[in-house]
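Trainee: The structure's right below; bear with me while I get my questions together.
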Amino acid sequence: MTPEQLSAAIVEVLATLSAEGELTLPDGPPSAVTVERPRQREHGDYATNVALQLAKKAGTNPRALAQLVADRLGQHDGVAAVDIAGPGFLNITVAAAAQGEVAGQIVAAGAAYGSSELMAGERVNLEFVSANPTGPLHIGGVRWAAVGDALGRIFEAVGAAVTREYYFNDHGAQIDRFSRSLLHSVRGLEAPEDGYGGAYVHEIAQAVVARRPELVEKDDAAAQEILRSEGVEMMFDEIKRSLHDFGVDFDVYFHEDDLHKSGAVDRAIERLTELGNTYEQDGAVWLRTEQFGDDKDRVVVKSDGQGAYLSGDLAYYLDKRERGFDRCLIMLGADHHGYVARMMAMCAAFGDTPGTNLEILIGQMVNLLKDGEPLRMSKRAGTVVTIDDLVSAIGVDAARYALARYSSDSSIDLDLDLWAKAGSENPVYYVQYAHARVSSLLRNAADLGLAPADHPELLVHEKEGELLRALADFPGVVASAATLREPHRVARYLEDTAGAYHRFYDNCRVLPMGDEEPTDLHRARLVLVDATRTVLANGLGLLGVSAPERM
RNA sequence: GCCCCCGUAGCUCAGGGGAUAGAGCGCCGCCCUCCGGAGGCGGAAGCGUAGGUUCGAAUCCUACCGGGGGUACCA
C-alpha cells in the first residue's frame, strides 16, 4: 500500500459517498487527496486532511465528514484502522501485509521502481550550462551541469522525452575578446583590458601555434582569425571533455553563429514584425517586450545593423519550437535573472504561453570554501575554480551530489574540505555507505545460500514499517522532484531512507545467527533489504551518482 | 531607486497551509558475544522583525531590517 494507492482508495470512498447521496460535493470528488506521513508515530502510518479541506464545500463539519470517510475506508482490505483526530484529521494505519507487499513489488520492478507516466508524451528541451567557450567551465556552470542533468534523468523517469541542449555562444564580442587575448599571448603582450587572463589563455595560444605555426608570421587580423577558429574549437572540446568526465553529455550542441548565418535570426524577426511586435527607432529594430511584461522594450537589431544578443535567443527559441518541443526549459545563473522578463515577453510576442512553452529556472550562486575561507574567484585574474579543479578536489560523485542536494533557489557554500572527506560528515558517503552495507549483506546472504521470499505479513517490526514507508515514498518523491523541477528532493529523500535502513539494520537481524535455521522472517527481511538496495541505487542513478557495492 | 533569490539549531541546509519544526556536522552522555561502528540511541539548542489572510502559517500577502545577485543598441 503506497501513499498513491491510499490516496486513490480515499478518492474512491468519496466518490461512493457522493454517489450514494451521503455527501454533497459540488465540484465532484477530487482527483487525488493529500496523504502524508505524520511526524508523530501515534498519528498512524499515514494521515489525510481531506475532511478539513472538503467540509466547507460539502456543507458539513470536518469531524462529521471524517467519520463518514473513516467508516468506509476502514473496510478497505489494506487498511487496519482509521482514527479521527483533532479538528478532523484521518489517521490511517495500514495492514501489515499490505504494507509489507511493497518490498516485493519494489524488487520486482527493479530499475523501473520510482518511474511513472506523469510526463508521458511530453517532449522537453532542457538547455543548461551553455557557457561561452572563452575559458574552462567554472563553478557556476557546474551547478547547472549537475542539477540540469539530474533533472533530465528525473524527467525521463516520469516518462518525458528529454533533449539536453548546450547553446554555444560563438557569435559575439566575447569571442572577439577571447581571440584578441590569444593574440596578445602569442605576441607576448599583456592581456587586453577587456580580455581574459589566466594560464589557460597561454596554453590554448601555444596549442594553436603548435598546430598552425604559420600564424606567427601573419598580420594581426589573419593571425587572430586563426586563433579564433582554432582556439574556440579547442576550448569547446575541453569543455565537452570536462562535462563528459563529469557524466554529462548533451544531445545537441547548438551554435549561435549558425542562426545568424542561416538567416534564422532574420526570419524570427520577420515573424515578430508580422505579428506587429517590432518597430524601428533611432536606427535600431526594437521588440515590444514591455507590453508583454518586461520593464521596457528591447533592441533586437542594433543601429549598426548587427543583431543584438537577444536576436539569437529569438531565433533559437523559434527553432526549438519548430523542432517540436512544447516545453523549452532554460537554466540560468542568478547573474542572468534580468533576462527572464524579456525572454518571457519574447515567448508571448510569438503568441506562445510563457511558463508553459518556455520556462526559465534560475540557480543562485555557489561559493567554495577552503580551510573555512571563501575562495575568491576572478576570471580575469585567472583564479577561477574550474570543473576539473572541483572534480580533482572532491571527485565526481561528491561534486554532483553536493551541487544537486540543495534547492537551486539558495546560494550555497560548499566546504571543499568536508566534501573531500571519506566519512559520515559527508552526505554522499552516508548514502553510498548505506548502499554498500546493503550490498554486503546481500552478498553474505548469497554465500549462505539464503534466498529471499515474500512474507509481507511478517514485516511487523516498527523499524521495518518505517523503512517500508520510506521506500514506498520514492515514486512520489520522484514525481514531485519532476513537477517542481527540484532534484534536491531526491537527495534529501535518499538521506532519510539511508537513515531508515540503518535504524532497521540496528534493530532487526536479517541473516540467521551462527547455526540458526533460516526462517521465513529471515527470507522476508532479505526482500526488504533488496528493495532498499533497489531504491538507493535508483535514486543515486537519478542524480548521476554511483552506487558502490563496496567502498 | 526598481527587479530576483535568501534569512529556520553553534555551522551547512531540508521542510510545495496541518497536529509536539527536521537531517548531517559540532558539543555532552551512551551502545560492538556474530549481518560493514563510514552505524545506532539519548541530551542541550532554532523559524530576522511587525502586521494581515486562515479553523490552522516556517510555508500565502504587506511593510521593514539584514545578506547575495541583477538592472546596456555587452555577450
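Nothing in this text is a laboratory measurement; each read-out follows from the coordinates by a stated rule. As the structure is a computational prediction, the values presented were derived from the model and not from experiment. Ideal geometry is used to build each Cβ from the backbone, glycine not excepted, and the neighbour counts take in all protein chains shown.
Trainee: Once amide H atoms are built 1.01 Å from N in the peptide plane, which residues 5 or more positions from residue A:45, or in another chain, come under 5 Å H to H?
Mentor: Amide H to amide H, under 5 Å and 5 or more residues apart or across chains, residue A:45 pairs with A:92, A:93, A:94.
Trainee: Test of the criteria: in region A:332-430, which trypsin sites (Lys or Arg not before Pro) are in a DSSP loop and have at most 10 other Cβ atoms within 10 angstrom of their Cβ?
Mentor: When the trypsin sites (Lys or Arg not before Pro) of region A:332-430 are filtered for loop state and at most 10 Cβ neighbours within 10 Å, A:376 remain.
Trainee: Show me, for region A:109-122, the HN-Hα J-couplings you get by feeding each phi into the Karplus relation (A = 6.51, B = -1.76, C = 1.60, θ = phi - 60°), rounded to Hz, glycine and proline as x.
Mentor: 6, x, 4, 7, 5, x, 7, 7, 10, 3, 10, 4, x, 8
Trainee: Sorted from fewest to most neighbouring beta carbons within 10 Å, what does the list A:502, A:76 look like?
Mentor: The fewest-first ordering by Cβ neighbours comes to A:502, A:76.
Trainee: If packing is taken as the average count of other Cβ atoms within 10 Å, what order do A:13-26, A:247-260 fall into, highest mean first?
Mentor: Numbers: A:13-26: 14.4, A:247-260: 17.9.
Ranked by mean Cβ neighbours within 10 Å, highest first: A:247-260, A:13-26.
Trainee: Just want the answer: with Cβ charges of +1 for Lys and Arg and -1 for Asp and Glu, which residue in A:182, A:67, A:285 is farthest toward the dipole's positive end in chain A?
Mentor: Value: A:67.
Trainee: Then there's this: Taking amide H positions as placed 1.01 Å from N in the peptide plane, with prolines and chain starts having none, which residues 5 or more places from residue A:255, or on another chain, fall under 5 Å of its amide H?
Mentor: Here A:168 satisfy the definition.
Trainee: Using the beta-carbon distance between residue A:116 and residue A:206 and R0 = 51 Å, what value does 1/(1 + (r/R0)^6) give for FRET efficiency, to the nearest 0.05? Could the numbers behind the result be given before it?
Mentor: Values: r = 52 Å, r/R0 = 1.02.
It comes out at approximately 0.45.
Trainee: Counting other C-beta atoms within 10 Å, and keeping those with at most 12, which DSSP coil chymotrypsin sites (Phe, Trp or Tyr not before Pro) do you find in region A:126-192?
Mentor: Taking region A:126-192 and a limit of 12 other Cβ atoms within 10 Å, no loop chymotrypsin sites (Phe, Trp or Tyr not before Pro) are found.
Trainee: Given charges of +1 on the Cβ of Lys and Arg and -1 on the Cβ of Asp and Glu, with all other atoms neutral, how large is the dipole of chain A about its Cα centre, in debye to the nearest 20? Intermediate results must be reported in sequence, preceding the final value.
Mentor: Numbers: 52 positive and 83 negative charges, 113 e Å.
Here chain A has a charge dipole of around 540 debye.
Trainee: Past the 20 angstrom mark, what percentage of all C-alpha to C-alpha distances in region A:3-94 do you count?
Mentor: Value for region A:3-94 (Cα pairs over 20 Å): 24 percent.
Trainee: Sticking with this structure for a sec: If packing is taken as the average count of other Cβ atoms within 10 Å, what order do A:309-321, A:327-339 fall into, highest mean first?
Mentor: Going by the mean number of other Cβ atoms within 10 Å, highest first, we get A:309-321, A:327-339.
Trainee: Nearest 0.05, what FRET efficiency do residue A:77 and residue A:517 give at R0 = 22 Å with Cβ-Cβ as r?
Mentor: 0.10
Trainee: Can I ask one more? Please report the antiparallel percentage of DSSP beta bridges with both residues in chain A, rounded to the nearest 5.
Mentor: Of the beta bridges lying entirely in chain A, close to 50 percent run antiparallel.
Trainee: To continue, here is another question. Based only on other Cβ atoms within 10 Å, what is the fewest-to-most ordering of A:508, A:347?
Mentor: Numbers: A:508 17, A:347 23.
The order, fewest Cβ neighbours first, is A:508, A:347.
Trainee: Show that you can apply the helix-only estimate: for chain A, add -39,500 (n - 2.57) for every DSSP H stretch of four or more residues, divide by all residues, and state [θ] at 222 nm to the nearest 500.
Mentor: Details: 19 runs with 277 residues, N = 551.
Helix-only estimate at 222 nm: -16500 deg cm²/dmol.
Trainee: With a Förster radius of 22 Å, plug the Cβ-Cβ distance of residue A:218 and residue A:262 into 1/(1 + (r/R0)^6) and report the FRET value to the nearest 0.05.
Mentor: 0.15
Trainee: State the Cα centre-to-centre distance between region A:116-146 and region A:492-551 in whole Å.
Mentor: So the two Cα centres are separated by 33 Å.
Trainee: What is the Cα radius of gyration of chain A over 2.2 N^0.38 Å, N being its residue count?
Mentor: Compactness ratio reported: 1.18.
Trainee: Something else now. Under 8 Å for C-alpha pairs, at least 6 residues apart: give me the relative contact order for chain A, rounded to a whole percent. Provide the component values of the computation, followed by the final result.
Mentor: Numbers: 941 pairs, mean separation 91.9, N = 551.
The value is 17 percent.
Trainee: Report, by chain and number, residues whose modeled amide H sits under 5 Å from the one on residue A:308, excluding near sequence neighbours (fewer than 5 apart, same chain).
Mentor: Answer set, sorted by chain and number: A:301, A:302.
Trainee: Compare the peptides A:44-51, A:202-209, A:437-444 by average per-residue count of other Cβ atoms within 10 angstrom and give them in order, highest first. Before the final figure, lay out each step's value.
Mentor: On the way: A:44-51: 23.0, A:202-209: 18.9, A:437-444: 17.2.
Put in order of decreasing packing, that is A:44-51, A:202-209, A:437-444.
Trainee: Another question, if that's okay. Given +1 on the Cβ of Lys and Arg, -1 on the Cβ of Asp and Glu, and no further charges, what dipole in debye does region A:72-222 carry about its Cα centre, rounded to the nearest 20?
Mentor: The dipole magnitude comes to about 180 debye.
Trainee: Nothing charged except the Cβ atoms of Lys and Arg (+1) and of Asp and Glu (-1): what's the magnitude of the dipole of region A:250-393 about its Cα centre? Round to the nearest 20 debye.
Mentor: It works out to roughly 140 debye.
Trainee: Helix A:220-245 versus the longest principal axis of chain A: what is the Cα-based angle in degrees, 0 to 90, to the nearest 10?
Mentor: 10
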